[in-house]
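Below: one structure, written as structure tokens.
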Amino acid sequence: MEQVEGLTVRYGRYTPLLLGVLQAVGVALAGRAGARLLTVLHAVVSRVTLLALVMALPDPAVSTVTIVGVDDFAFRRGHRYGTVLVDAETHRPLDLLPGREAEPFAAWLRDRPEIQVICRDRAPAYAEAAARAAPQAAQVADRWHLWHNLGQHVEKDVAAHRRCLGQRAGPGPPPDPAAIEALPAQALSAQGVLEARTRKRFRDVHDLAEQGWAIAEIARELHLNYKTARTFARAQCVQDLLGHIAGARPSILDPWREYLLERWSQGCHSATALHAELTERGLVCSFRTLSRYLRTLTVRGELPPAAAAPPKTRALVGWLMRPAAVLTEEERNSLKQVLDDCPDLARLREHVAAFADLLTNRPSKGRLLKWVTAARSDSLSALRTFAVGLDKDWDAVLGAVTSPWNSGVVEGTVAKIIMWNLICQGLRVHVRAPWFRSRWREPGGRPSGNCVETWNEPRRQRHDLCRAG
């Protein structure tokens with residue numbers, strides 16, 4: 001039977017005009033939402049049919065690509081991976097390749113000799129494929145990956161110099177026994193949080209009592225138990241209430257006070273070690289009792305506070321990698337002390353600051369070469385390893401610090417793929433590459449509405465969208 005052009009097609013269930021409407025609605029709203037809209041438009045189709053029409057659409061035509069970005073992503077971490085290719089100029093996804101090996105990417109590049117720039121991370125597979133299949137293209141390493149790799153090597157060097165951080169942290173000055181004995185009794189009373197709270201409550205209760213408040217009213221106003229408020233109201237002075245505060249009564253450890261002061265001044269600040277020593281000398285007391293007694297002596301001022309622990313490795317790496325302007329005053333002081341204690345870390349800080357300037361100001365080739373030479377000649381082993389790695393990937397690294405192109409658009413696409421993949425895994429849906437390709441059907445490479453708005457529907461309504469993969 002002869003077909004009417006523009007009206008019918010052989011074996012077609014829809015006219016070309018209706019098919020175009022259905023596909024446009026499916027791309028914009030996906031299955032269930034699109035089916036509801038089409039019902040209003042008097043074109044009743046099921047959500048499954050609508051999704052089938054979307055998946056049957058051909059891939060958008062790709063124009064000439066000269067600058068491409070490449071990165072890997074995981075369908076299932078540790079098991080199955082893929083490679084995504086993005087046009088760095090238009091931000092449009094180009095293709096998805098199976099695996100993250102060199103050969104699929106190399107085969108893709110051989111069919112496109114017009115490519116001039118390849119933005120990639122520092123994975124050796126992509127570097128090998130680009131060098132073999134597109135020797136005419138300039139490779140550009142991602143600046144974020146360079147900074148991340150530097151942070152990993154900085155952490156190794158900081159961990160290797162942990163001993164330097166604790167050299168200044170030693171025992172505090174020994175207490176003067178004569179000065180302690182000369183202190184008045186009020187100074188030797190416990191001055192902790194409990195005493196301060198007790199004194200404040202005593203003043204508050206008596207102030208309200210002098211105004212004629214009843215005990216029940218005082219208890220409600222100060223959020224106290226009635227018996228507690230009554231005890232404070234009946235006390236003649238605050239000293240009557242301080243009898244139960246730790247340190248105000250004799251302790252089993254009072255005879256050992258001088259011994260503890262001596263050992264503390266010698267640098268033994270471990271309650272566990274002190275408890276073991278006292279046990280060997282025949283004293284029977286619990287570890288908790290000793291800890292409380294040491295805390296009381298510290299509050300009284302008889303024991304100097306123990307030296308602060310050196311900063312953690314990760315914290316110190318963060319201080320070294322961040323600009324001084326964004327650090328707090330305390331972090332700047334701690335970092336200055338660390339750099340004064342360890343000249344190697346001070347040099348590491350200078351190298352990091354110089355590399356950060358290279359990544360942000362796009363310097364000349366000579367400055368980058370000078371930095372790599374200085375890092376390779378330094379005694380910091382991990383920094384030397386990093387510099388050697390830069391030398392091996394010199395062309396891509398040079399492109400990273402001098403070229404305006406980067407892998408940011410690729411990382412954004414990977415983030416979207418990860419989001420879609422996690423949602424489908426939560427729905428226990430097996431996802432493959434064609435499903436991801438259907439996410440960017442709209443012209444210009446922007447993700448269609450069915451990958452954003454539809455996820456806000458209830459779970460039962462979202463399931464049909466993922467089944468299309």
Which residue out of A30, A61, A56, A43 is modelled with pLDDT of 80 or more, farther than 30 Å from R122 by Cβ and within 45 Å of the chain's Cα centre (by Cα)? A56
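Condition check ((1) open to solvent by less than 90 Å² (accessible area, probe 1.4 Å); (2) within 30 Å of A309 (Cα to Cα); (3) free of Cβ contacts under 8 Å to residues at least 40 places away in the same chain) across all residues:
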| site | (1), (2), (3) |
| --- | --- |
| V205 | yes, no, yes |
| I218 | yes, no, yes |
| K227 | no, no, yes |
| R234 | no, no, yes |
| Q239 | no, no, yes |
| W256 | yes, yes, yes |
| Q266 | no, yes, no |
| H275 | yes, yes, yes |
| T279 | yes, yes, yes |
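Would you mind stating whether T90 is open to solvent by 40 Å² or more (accessible area, probe 1.4 Å), in contact (Cβ under 8 Å) with a residue 24 or more places away in the chain and more than 31 Å from the chain's Cα centre (by Cα)? Break it down stepwise before answering.
Values: open to solvent by 40 Å² or more (accessible area, probe 1.4 Å): yes; in contact (Cβ under 8 Å) with a residue 24 or more places away in the chain: yes; more than 31 Å from the chain's Cα centre (by Cα): no.
When the stated conditions are applied, T90 does not pass them.
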If V4 satisfies all but one of (1) modelled with pLDDT of 85 or more; (2) open to solvent by 20 Å² or more (accessible area, probe 1.4 Å); (3) not hydroxyl-bearing (S, T, Y), what's the number of the condition it fails? (1)
Could you look through the stretch 299-334, keep only residues that are touching a Pro at 6+ places or on another chain (Cβ under 9 Å) and open to solvent by 50 Å² or more (accessible area, probe 1.4 Å), and pick out the one that is modelled with the highest pLDDT? G301
Restricting attention to the stretch 309-339, which residues are assigned to a helix (DSSP H, G or I), in contact (Cβ under 8 Å) with a residue 12 or more places away in the chain and not basic (K, R)? T313, L316, V317, W319, L320, M321, E331, S334, L335, Q337, V338
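Which residue, of D340, D393, is of a type in the set (D, E) and open to solvent by 50 Å² or more (accessible area, probe 1.4 Å)?
Values: D393 fails: open to solvent by 50 Å² or more (accessible area, probe 1.4 Å).
Result of the check over D340, D393: D340.
Would you kindly identify the helices (runs of 4 or more DSSP H) lying entirely within the stretch 211-295 that contain at least 3 residues that are more than 18 Å from V193 (Cα to Cα) and of a type in the set (K, R)? Before you say what the answer is, go through the steps one by one.
Details: elements: 215-222, 226-234, 257-265, 271-280.
Those helices (runs of 4 or more DSSP H) span 226-234.
Go over the candidates Q116, Q139 one by one and state the one that is open to solvent by 30 Å² or more (accessible area, probe 1.4 Å) and either among the β-branched types (V, I, T) or in contact (Cβ under 8 Å) with a residue 60 or more places away in the chain (or both).
On inspection, the qualifying residue turns out to be Q139.
The values are calculated or read from the model by the stated rules, or taken from the named source; none is laboratory data. Everything quoted here is computed from the prediction, not taken from an experiment. With ideal geometry, Cβ positions are generated from the backbone for all residues, glycine too; neighbour counts draw on all protein chains shown. All accessible areas refer to the heavy atoms of the entire protein, side chains included, with ligands and DNA or RNA removed. Shrake-Rupley method; radii C 1.70, N 1.55, O 1.52, S 1.80 Å.
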